[in-house]
Amino acid sequence: MNAVSGMRHPLKTIKRAVIILMMLIGLSFTWTPAKGGELDLATTPLFLGSTVKPNIFFMVDDSGSMDWSILTPVHWHACSYDPNITGSYYSSECGFEITNGMMRTWANNNWRYIAYMYRTSDNDYPDDCNSTSYASNEACGAEDSDWRVLSSDLNVIYYNPDSTHSPWNGPCVDTDELCTNASFSNARSNPREGTQGYSSTRNLAGFEYAVWIDDRGYSDSRPLRGSNVNATDSSNDEIDLWDSHVKFVVDSTNVQVWHITYNPNSSGMNATETLKTTLSGSACYNVLGGKSSVRTIAGNDSGWSGTGSGDCRTISEVQQNVADWYTYERRRSFVTKSAISSVIKDAEYYRYGLSVINLYTSLFTEVPSDNQSEYAEHNNALLADLYDFNWPVAGTPLRSGLQKVGQYFDNTLSGKSDPIQEACQQNFSILLTDGYWNGDSPSSYIGDSDNDGHSRTLADVAHYYYDKDLSDLENIVAPNTFDEATHQHMVTFTVAFGVSGLLIDTDNDGWPDPTLDTNDDWGNPFYSEASKIDDLWHAAYNSSGTFVGAQTPDSVSETLAAALANIANRVSSATTVAQNSTTLKTDSQVYQARFDSSNWSGQLLAYTIDSEGEIGSTPVWNAHCVLTGGTCTAPSSTFDGISYDNRVIITRDWTSASGIPFRTPEDFSVLLEQDGTLPDNLDSLLANAPYEISTSNTSEQNDNWDFAEDLIEYIRGNRDHESQNSPSVNSFRNRGSILGDIIHSDPVYVGAPQRLYNDNFDSAPYSAFKSAYASRMPVVYTGGNDGMMHGFRADTGAEVIAYVPGIRHNYEKLPNLAVQPYLHQYLVDGSPTVSDVVIGNEWRTVLASGMRSGGQGIFALDVTDPSSFSEANAENIYLFEFSDEDDADLGFTHSNITLAKVKVNAADYRWAAIFGNGYNNSQADGYASSNGQASLFIVLLEGGTNGQWTLGSNYFKLSTGVGSTSTPNGLASPYAVDINADYITDYVYAGDLEGNMWRFDLTGSASEWNSSKLFETDNNQAITASPIVGVHPTGLENGVLVYFGTGKYLEPTDNSTVSQTTQSFYAVWDQFDGSTISKADLLEQEILDEQAQLFDTDGDAQQDSLINGRRTTDDTIDWDVNNGWYMDLIVSGSNDNQGERQVTRPLLRNGAVIFTTLIPSSSSCDFGGESWIMELDAASGSALPMSPFDFNNNHTFDDGDKIDFVYGQTAERAAASGYQSEVGITATPAVFVAASKVSEVKVISGSGGLGSFTEGPVNTTVGRQTWRQIK
């Protein structure tokens, strides 16, 4: 039997195929892109991505069949069911399945193939009812005998109520006037002005469509009719003629809804047609929504006129949807135009080309020229040419068409420019077709390239241009798991819809079973039509590409993209390190989080660091090994692993604000809502379940519940359902580790309480708390993109707890962790903050964290006593969550959280989480900000434990007033300051995307809190990292200095060194007078020079350690004139700032300010980048008189650490103000004080590994520099 459920809508198939292609060739692509001024937040680490844009060439089938408006999977003719239709059991019509993608009907005394739904002047083939080859439904009335032509369940490009049909995402007039919604009463046959069908219009009143209900089947291998009728009363996943259906008649003012059932017997179908309702008016009717809603209503035979469900539609919305389907998606070629335009417009910054297989001389758009950096104009012209193109009556020469693309990439196609610009550039061809190849053969030199015994096949063409080196450039194309080739080559991605081959994929891995190799027997494509479809599959395999067919199950369309994964096997880190002490001693350790992008696994490693600041070469433990088990190379050992069933994993309750174990609910049925839906997070988990969540079929419900159980266990760490273990059902992605990748979540070490609060500070004595937990188990916490915040024992690396945030974004992404291939996404990517606070008159240790790009929310946990971590205690560990569902002004929470005490009113002081609102708060997700302004949130820790948040009561929001919904602003991580040493927050400082540094005054009661602008940068330099605040050199009574850098590293376009705004580092004087300072008020310090020099670092008299140092100016600051100082991140006199920016939190140590900068890789083909570690006089920004860096590693700081900076013919020996990191892009250092107190060791974690450097004391005019820390 043919399983119709495997037939996908071609538009969705093509869109999804191309989307997945783009995501996995590193385009950071999303189907719902950033709009207007929203940030295009990257979904993978930016420093992994090459800045070289791939060449993507669409080769489109322009054969005549692409003009048709009917597309069906293999199915049985209506006469196989109904004895009253002409035909017999053994006839060629009724005795065989229809396999050519059309419908077949008896009309006008003959059999007719139905290729069109409507008669229009721009149809390429006959559309009357006289030709036996081609006809239209409108002329022949096929629907009268076969209702299935009106249902998208069989005629898959027909109107689909599950879809929102929409205009092409491109120009319908000239090259710049976008396509608009069609008219229901005057719908055009073709929306492109100037085409043949543009003036052909139709009033769609009376339009009919049907929704199939699978309630019958047949008992043998095929349906039988008449005296042999074999209809059954059970479903069979096939669209049988005798299945029930609901028919809709959409008129100009109303919609009739008919329920039609059959009782087939030897004499006929015995249809019963019942008019259930005639809808009119403006209500949103449930039955006009998606197919699932229709089937539920029909199954219950009630609610036919019901309104207000989630996917309901009004009559006018249905009319608009129908009109847009007719005008923009009715034909097979329209489906292709719609898909290509959508993906190009949503990912405009890539190098697209396009042609057709027949009339390629009329339509051949090359990829953009070398001197084009903006592609919008090119893309609009490409789409305009595609829209203008009229499909000819022609064959399907796919082989020669693909060869044209190969020749183009090989720079041998006459009259075309070489499209390959860079040595690492990837080249993709996307071949789209609806049929079997025929016609022109490729050139003889193609031969039997894949050595399978058949020459000049499509597979041979794909293999030839994959195997051939297409350029003389260096062979440095990034290899990956599925494509090991490093030479310039063409990967072929084939998309076919409406056709089936002979080979079968039984395990849903995207390839035939049994497994075939390049030169194995894939069938003889010269022997049969179906073998030519298998040749499409073979072509994709031969070129490390992927094949997707509309006839394949959904899982194949996702598995196919694994062959396009392009991210090389790189192990990197983007986090800071955690430390277990601030002083170097015998048991000092540092903890580094990192990730492996080849399989998106994570690692948390512990290293020793000795009294000299040397980091151990082998980790003490690796949490990935301890958790996953097996043999580990670093450290070299074998681990048992932790059973998924024994892990302590908790989450927010499905229905309330409480903690529960993250396990499968005991009874799903008790969680079902009245409308058949589940609580939101469970509903999200079941997004990839085999059946609709709202199904009322008990068997289907049970399959869904089984899927949920398998998925939850998989997320917990059960590997039985990974595809490598051949599960019988619910096959999930293979993982390299149970621990997901850790990218931006800085690990935090939590040992015994260490604060210095006196016992009168709060309602409970701190000393008692400190004593009670003096020996508590040390734990390292970090977030993972496996959807969890993890806690690991600091001594062994064993996991002791994991929390799955209930924030909706996290649950929406969790099911994707199991999908193969995995398209990387951020989940729990924020850095935790841990502090001792008072809640309910008790001291507790609280962990709070945002999600970064993982979601729009924060969460808080009670981590006071790790010995109490258990799933049974989940309710006490969980504290609260706060998300954009509670306040729509909250964006993606890139802000780190400060936990501090604030004055709510004169008699009420509370502990609170303080954080910036983050980015993209106006995203149209149902919880969009109404103003897009940057804001500071102050959320009381004990305020939301019941899940209820009230502005002005248990949380507060201070708006900056800057930002809009079209260009949403975002506040970065804040820094809280206690001026008068009473441990109560007085001021908070934070910067925004518009380049403003804000001062938030919390000295009064909450009703008096306010914001004011301290500083406004030039050129709107974005501020995306936390500042740090120090005492003014002349004393605290004169104010403070606020230190911060500018720049951002959030979007794919940030990963460039070209045409970037020059960024700066600032120190701004806040005199607490409410004034706003500008750059002109500051002293300028400059970067004078950069110089490389060799040092002897091991005392062997060999200068073999290369240091690249920086020299800066040492100008004197005049506080009567200057309100601070600044340094532009560009070498004086240079025109190239190299894209340098400062996006990490600075440090204040011993009178110096220390900060790291970031420079993306200057080579377009490299990954990673560079950092400079800068150390300047905190008061003036000037160069320090003595080197702060022990470059020669002799534990003294003297002239031996200076660098000879060369100016023309002379050299001047000077102390460096900075040096280039040896471990790539570097985060904020962790600081250890040497036992001698004379020097400090800074440990840095970078994209290239782990490193350290030693710094000495600084002579400075700065007095007391900091005060009690507020976390």
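The values are calculated or read from the model by the stated rules, or taken from the named source; none is laboratory data. Not measured: the values here are computed from a predicted model. Heads up, the Cβs are rebuilt from the backbone with ideal geometry, glycines too, and the neighbour counts pull from every protein chain shown.
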For Arg216, are the conditions met, namely being surrounded by 22 or more Cβ atoms within 10 Å (Cβ to Cβ), of a type in the set (Lys, Arg) and either over 29 Å from Trp304 (Cβ atoms) or under 41 Å from the mean Cα position of the chain (by Cα) (or both)? no
Give all pairs with beta carbons closer than 7 Å in which a residue from segment 970-984 that is under 23 Å from Gly830 (Cβ atoms) meets a residue that is of a type in the set (Asp, Glu); count only pairs at least 6 apart in sequence or on separate chains. Gly970/Asp992; Leu971/Asp992; Ala972/Asp992; Val977/Asp986
In segment 216-252, what count of residues is obtained for those that are more than 20 Å from Gly289 (Cβ to Cβ), assigned to a loop (DSSP other than H, G, I, E, B) and not hydrophobic (A, V, I, L, M, F, W, C)? 17
What strands (runs of 3 or more DSSP E), lying completely within segment 737-841, carry at least 1 residues that are touching a helix residue (DSSP H, G or I) at 6+ places or on another chain (Cβ under 6 Å)? 779-784, 788-793, 799-804
Any residue in segment 145-156 that is assigned to a loop (DSSP other than H, G, I, E, B) sitting within a Cβ distance under 9 Å of a residue that is at pLDDT below 95 and basic (Lys, Arg)? List the pairs, counting only those 6 or more apart or interchain. Asp146/Arg104; Ser152/Lys291; Asp153/Lys291; Val156/Arg8
Just one of Asp889, Asp862 is over 26 Å from the mean Cα position of the chain (by Cα) and either within 20 Å of Ala972 (Cα to Cα) or not small (Gly, Ala, Ser) (or both); which is it? Asp862
Output the residues belonging to segment 384-406 that are at pLDDT 95 or above and in contact with a Gly (Cβ under 6 Å, 6 or more places away or on another chain). Pro397
Pick from segment 516-536 the residues that are in contact (Cβ under 8 Å) with a residue 40 or more places away in the chain and not in a helix (DSSP H, G or I): which of them is farthest from the chain's Cα centre (by Cα)? Phe526
Flagged in segment 789-803 as within 13 Å of Gly602 (Cβ to Cβ) and not small (Gly, Ala, Ser), in numbering order, are Met789, His790, Phe792, Glu799
Read through the list (1) of a type in the set (Ser, Thr, Tyr); (2) over 42 Å from the mean Cα position of the chain (by Cα); (3) more than 23 Å from Ser500 (Cα to Cα), then give the number of the only condition that Ser91 fails. (3)
Among the residues of segment 379-393, which ones are surrounded by fewer than 23 Cβ atoms within 10 Å (Cβ to Cβ) and among the aliphatic types (A, V, I, L, M)? Ala381, Ala384, Val393
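Matching residues to (1) among the basic types (Lys, Arg); (2) closer than 30 Å to Ser227 by Cα; (3) surrounded by fewer than 20 Cβ atoms within 10 Å (Cβ to Cβ); (4) in the same structural domain as Ile157 (by TED's automatic domain parsing):
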site: Pro264; (1), (2), (3), (4): no, yes, no, yes
site: Ala283; (1), (2), (3), (4): no, no, yes, yes
site: Ser293; (1), (2), (3), (4): no, no, no, yes
site: Glu317; (1), (2), (3), (4): no, no, yes, yes
Under the condition of being of a type in the set (A, V, I, L, M, F, W, C) and either crowded, with 20+ Cβ neighbours inside 10 Å or assigned to a loop (DSSP other than H, G, I, E, B) (or both), which residue from segment 78-99 is modelled with the lowest pLDDT? Phe96
Do we have any residue at all in segment 383-400 that's assigned to a loop (DSSP other than H, G, I, E, B), among the β-branched types (Val, Ile, Thr), in contact with a Phe, Trp or Tyr (Cβ under 8 Å, 6 or more places away or on another chain) and closer than 26 Å to Ala187 by Cα? yes
Within segment 924-947, which residues are of a type in the set (S, T, N, Q) and either touching a Lys or Arg at 6+ places or on another chain (Cβ under 9 Å) or part of a strand (DSSP E or B) (or both)? Gln933, Ser935
Within segment 342-371, residues being touching a strand residue (DSSP E or B) at 6+ places or on another chain (Cβ under 7 Å) and either in a strand (DSSP E or B) or under 15 Å from Leu383 (Cβ atoms) (or both) number 14
Quick check: is even one residue across segment 156-166 modelled with pLDDT under 95, farther than 30 Å from Asn300 by Cα, surrounded by fewer than 23 Cβ atoms within 10 Å (Cβ to Cβ) and under 41 Å from the mean Cα position of the chain (by Cα)? yes
Does Asn1019 meet the test of being touching a residue at least 40 places away in the same chain (Cβ under 8 Å) and closer than 20 Å to Thr1061 by Cβ? yes
Restricted to segment 295-312, and to residues that are without any contact (Cβ under 8 Å) to a residue 60 or more places away in the chain and of a type in the set (D, E, K, R), which residue is surrounded by the fewest Cβ atoms within 10 Å (Cβ to Cβ)? Asp301
Provide a single number: the residues in segment 888-923 that are part of a loop (DSSP other than H, G, I, E, B), closer than 15 Å to Trp1009 by Cβ and hydroxyl-bearing (Ser, Thr, Tyr). 0
Take Thr575 and decide whether it is crowded, with 17+ Cβ neighbours inside 10 Å, modelled with pLDDT under 85 and either assigned to a loop (DSSP other than H, G, I, E, B) or touching a helix residue (DSSP H, G or I) at 6+ places or on another chain (Cβ under 7 Å) (or both). yes
What number of residues in segment 853-880 are closer than 13 Å to Gly787 by Cβ and not in a strand (DSSP E or B)? 2
Reported set for segment 646-657 where residues are surrounded by fewer than 18 Cβ atoms within 10 Å (Cβ to Cβ), farther than 18 Å from Leu685 by Cα and touching a Gly at 6+ places or on another chain (Cβ under 9 Å) is Ala657
Can you name every residue in segment 435-470 that is acidic (Asp, Glu) and either crowded, with 22+ Cβ neighbours inside 10 Å or assigned to a loop (DSSP other than H, G, I, E, B) (or both)? Asp440, Asp448, Asp450, Asp452, Asp460, Asp469
Looking only at segment 344-359, which residues are buried (at least 19 other Cβ atoms within 10 Å of the Cβ) and under 25 Å from Asp410 (Cβ atoms)? Ile344, Tyr350, Arg351, Tyr352, Gly353, Leu354, Ser355, Val356, Ile357, Asn358
Per the filter on segment 1064-1080, residues of a type in the set (Asp, Glu) and modelled with pLDDT of 95 or more are Asp1070
Residues of segment 655-697 satisfying the condition of being modelled with pLDDT of 90 or more and aromatic (Phe, Trp, Tyr): Phe662
